[in-house]
């Protein structure tokens with residue numbers, strides 16, 4: 001038991017360290033390429049911090065399919081958007097409110113509302129297709145759905161790149177090359193690729209530990225991966241967003257989460273639609289519905305007033321607590 005827990009922790013440590021290295025490299029790349037904060041947050045940083053929970057289901061399904069791999073994979077795929085909309089967004093709202101009452105910032109969030117709304121609309125559209133439209137009985141239609149979702153994300157990236165926004169601030173230094181003030185693209189890519197290798201290794205170790213621990217404590221691998229795994233693997237998004245909000249970098253903070261939601265509702269979902277049975281029912285389906293409702297509320301509040309946006313984001317926490325109670329009630 002102790003060894004399995006140690007594996008779990010070591011795998012998680014590898015994932016988080018790799019995600020931090022990846023994000024740092026991607027942010028430096030964004031500055032180097034002279035793209036906007038909106039693109040850097042919603043695409044570059046979002047993809048970087050979303051990699052742990054993206055690689056996790058792929059490793060689970062491909063290498064642990066004979067045991068609980070499919071359950072862990074589907075749980076991780078569905079758990080990511082759920083945690084982002086019901087926990088990551090609320091943390092941004094709560095942090096901004098705490099910072100306001102502490103005199104650190106003004107009330108409200110300084111966001112590019114067009115970018116935020118575009119992100120949420122893309123997420124709601126893609127995730128609704130995955131939950132309500134995909135006929136899991138037909139493999140052919142599932143393949144076409146996966147291709148459609150991939151094309152949808154490419155369109156999203158193109159629109160985000162073309163949109164105007166605030167310029168990216170200079171990044172202090174690369175973590176692996178702190179003395180190099182002006183690293184080349186090759187050096188930046190080296191850090192990115194190295195972090196990806198570490199992340200894949202950590203994900204493999206993490207999935208093995210996750211599977212063993214879930215059996216030992218008597219919790220379904222699906223539920224365990226829906227709740228525990230995303231909380232752990234999405235720490236980069238949560239921590240980065242909290243720090244960015246505290247430092248008044250709201251565009252990066254919110255873009256990191258909303259962009260990750262678009263990524264998670266298209267890329268990992270397209271993989272799950274093809275390589276698993278994708279028969280989403282029960283608590284797994286409920287998590288998806290809660291994610292959609294919480295995100296829709298943020299979209300509504302974005303049209304009301306920026307001062308009320310932190311409240312709109314914080315409301316999502318109600319759905320996280322409600323879901324947790326549902327899981328505990330069912331287990332009991």
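A short reminder: the numbers here are calculations on the coordinates, not readings from a lab. This structure is a prediction, so every number in the text was calculated from the model and none was measured. Heads up, the Cβs are rebuilt from the backbone with ideal geometry, glycines too, and the neighbour counts pull from every protein chain shown.
From the gyration tensor of the Cα coordinates in the stretch 2-331, what semi-axes in whole Å does the equivalent ellipsoid have, largest first, with each one equal to sqrt(5λ)?
On the way: eigenvalues 166, 112, 80 Å².
Its equivalent ellipsoid spans semi-axes of 29, 24, 20 Å.
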What three numbers, in Å, describe the spread of the alpha carbons of the stretch 250-310 along their principal axes, ordered from the longest? 43, 24, 14
Computed helical MRE - 222 nm, the chain, DSSP H runs ≥ 4 contributing -39500 (n - 2.57), nearest 500: -24500 deg cm²/dmol
Rounded if a/c is under 1.5, else prolate if a/b beats b/c, else oblate: with a ≥ b ≥ c from the C-alpha gyration tensor eigenvalues square-rooted, which is the stretch 25-105? oblate
Spacing of the two label points (7 Å from each Cα toward its C-beta) at residue 100 and residue 193, in nm: 4.7 nm
Expressed in angstrom and rounded, the centroid-to-centroid distance over alpha carbons for the stretch 260-286 and the stretch 87-104 is 30 Å
Using a 10 Å cut-off around each Cβ, can you sort 144, 123, 64 from fewest to most neighbouring Cβ atoms? 144, 64, 123
Once you put a point 7 Å from the Cα of residue 182 and another 7 Å from the Cα of residue 304, both along the Cβ direction, what distance in nm separates them? 4.9 nm
Once the piece of chain linking residue 173 and residue 128 is laid out straight, how much longer is it, given 0.36 nm per residue of separation minus the C-alpha distance between them? 12.2 nm
With a 10 Å radius around each residue's Cβ, average the other Cβ atoms per peptide and rank 93-102, 293-302, 36-45, highest first. 36-45, 293-302, 93-102
